[in-house]
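Values quoted throughout were computed directly from the atomic coordinates according to the rules given, and no laboratory measurement underlies them. Here the structure is a predicted model, which is why all the values come from computation and not from measurement. All Cβ positions, even for glycine, are placed from backbone atoms using ideal geometry, and neighbour counts span all protein chains on display.
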């Protein structure tokens, strides 16, 4: 019997819980389980050992379930499967065995593996099992912020791992997770994003959410961070468009699809609805076009404050 956590939205889509949800997840989100939580002690994470591994991650509840129950209820409602690891003895071996089991009942969907640094041979094995995207939980934008929030391992090790993962999976297939609002400056956040793209990686951007499920991150700050990531995705230099000190866009962005900047960022098919925000708003990461239309007027107000006119 393999026990695993799944996001409540994932279970709702599979019919394993009776729950009306505002927006359906387009990725099947799974999370490793340990009764004592993750052995790391990241101070922003509700799965860390200081919190004993409760059933929350971000704002989302992750009930415990047997992997066999997911297999028996499986349907083709998702675009991707994402397995998120926690640090515990043998975690990466367990994660790869879990992916192998998933492949036995879902051989076609692309799979993402979100992890802390692991040895190279495990990356090669993950690739053989059909993992096409790696998520790297760096989270912090500077060594100072990394230390402040008690990230495991070292800053240098994360960068060595990111470089090796890009070598193995190829450019554009490694997403470094960054959390905005941990005490970094906007300039620091953009600089670390620039470094990631120069290496051939990409960025999955999150806003900091407290233990109570609240986010105090300034929406203007986050919209500028999203725009910077969007510009880097298009090979453009954010310095040419954003004044970091005044926190404003000072030049028209020459991309027609600028609204795409404000969707959830991450692997293809990842919309993680309301992982970091309440549906009541402010909505930092817009999960779908349908929800964008619903939130459009509020988004216009937010963008107007930073010099962007829709």
Could you let me know the centre-to-centre spacing of the range 132-181 and the range 284-310, using Cα atoms, in angstrom? 29 Å
Pick from 111, 145, 203: which is most flexible by mean-square fluctuation in a GNM of the chain where alpha carbon atoms under 10 Å apart are linked? 145
Centroid-to-centroid separation of the range 221-244 and the range 68-109 [C-alpha atoms, Å]: 34 Å
Multiply the residue gap between residue 39 and residue 109 by 0.36 nm, knock off their C-alpha separation, and tell me the result in nm, one decimal place. 22.2 nm
Calculated FRET efficiency for the pair residue 18/residue 164, C-beta based, R₀ 35 Å, to 0.05: 0.20
Percent antiparallel among DSSP beta bridges confined to the chain, rounded to 5, stands at 25 percent
Within the chain, helix-based [θ] at 222 nm, where runs of 4 or more DSSP H residues each add -39,500 (n - 2.57), nearest 500: -10000 deg cm²/dmol
Going fewest to most other Cβ atoms within 10 Å around each Cβ, 160, 79, 133 line up as 160, 79, 133
For the chain, find the longest principal axis of its Cα atoms and tell me its angle to the long axis of helix 186-199, 0 to 90°, nearest 10. 60 degrees
Within the range 100-144, find all residues whose amide N lies under 12 Å from a label point positioned 7 Å from the Cα of residue 2 along Cα-to-beta-carbon. 100-106
Assuming R0 = 30 Å, can you tell me the calculated FRET efficiency for the pair residue 73 and residue 132, based on Cβ-Cβ distance, to the nearest 0.05? 0.80
Inter-probe distance in nm under a simple model that places probes 7 Å from Cα toward Cβ, at residue 188 and residue 237: 2.4 nm
